[in-house]
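Asks: Quick one: this structure, given as structure tokens, is what I'll be asking you about.
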Amino acid sequence: SYPSNSQNFESQANELINAGCSNVMIATHVQDGAMLIDDLGDAGFVGSGARVVTSHELGFEDFPNSLQDKTRVLGMVGANHGSWISPLFADFNSTYQSLFTDSQGQPLAPAAHSASSYDATMIMIRSVIQAGSTTGSDINDAIPMVGTEYAGIGGTIDFDTHGNTPGMNYD
């Protein structure tokens, strides 16, 4: 978890390494995604075989062109959100607003990545259960089985042989 006003992620990246983390999922809005990846790389996290998965909120307008070292994105996977809205989103939106409010008690609308993050998390959880293991390779092998005709908030999810979801409205 990074402070919302942080412009230096290197210390947090070092904390990840020191905690024994070997992979990272970035599902947040970061104004300068390239800075985040550069700082993770400077700390030795990115490029060390770590698997980095991002949401579309990583600042793709200028990403990865503004990276100091473009090789840091090798192996990284992410998505850029399309405009299609799932019929399941209305219930997700309603539930989200009933659970989350601002400081004045007004319902908060889910962020653009909330539904996709929810779907990714549910597929990951179901893959851990399917695999009966917390070993990354076992979980990875289970993802295509769990992600076949998965009715997600972001749409029906199917993985191809490369682990992509071509039927989804993502780039």
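Asks: How do the pairs read when you match residues in segment 127-156 that are farther than 25 Å from HIS113 by Cα with residues anywhere that are of a type in the set (D, E, K, R) and open to solvent by 30 Å² or more (accessible area, probe 1.4 Å), using Cβ under 7 Å and keeping only pairs 6 or more apart or on different chains?
Replies: Here the result reads ALA131/ASP138; ALA131/ASP141, each pair linking segment 127-156 to a residue that is of a type in the set (D, E, K, R) and open to solvent by 30 Å² or more (accessible area, probe 1.4 Å).
Asks: Looking at (1) of a type in the set (Val, Ile, Thr); (2) buried (at least 17 other Cβ atoms within 10 Å of the Cβ); (3) not in a helix (DSSP H, G or I), which is the one condition that is false for THR134?
Replies: (2)
Asks: Still on this structure: Looking at segment 101-112, which of its residues are out of contact with any helix residue (DSSP H, G or I) (no Cβ under 7 Å at 6 or more places or on another chain) and closer than 19 Å to PRO87 by Cβ?
Replies: Residue satisfying the conditions is ALA112 alone.
Asks: Since ALA13 meets every condition but one in (1) modelled with pLDDT of 65 or more; (2) in contact with a Gly (Cβ under 9 Å, 6 or more places away or on another chain); (3) open to solvent by less than 30 Å² (accessible area, probe 1.4 Å); (4) closer than 29 Å to MET145 by Cβ, which condition does it not meet?
Replies: Against the list (1) modelled with pLDDT of 65 or more; (2) in contact with a Gly (Cβ under 9 Å, 6 or more places away or on another chain); (3) open to solvent by less than 30 Å² (accessible area, probe 1.4 Å); (4) closer than 29 Å to MET145 by Cβ, ALA13 comes up short only on (4).
Asks: For segment 96-111, give me each residue that is on the phi < 0 side of the Ramachandran plot and part of a loop (DSSP other than H, G, I, E, B).
Replies: Across segment 96-111, the qualifying residues are PHE100, ASP102, SER103, GLN104, GLN106, LEU108, ALA109, PRO110, ALA111.
The values are calculated or read from the model by the stated rules, or taken from the named source; none is laboratory data. Source: prediction; values computed, not measured. Neighbour counts run over all protein chains shown; Cβ positions are idealised from the backbone, glycine included. Each accessible area value is taken on the protein alone, full model and side chains, heavy atoms only, with ligands, DNA and RNA left out. Shrake-Rupley method; radii C 1.70, N 1.55, O 1.52, S 1.80 Å.
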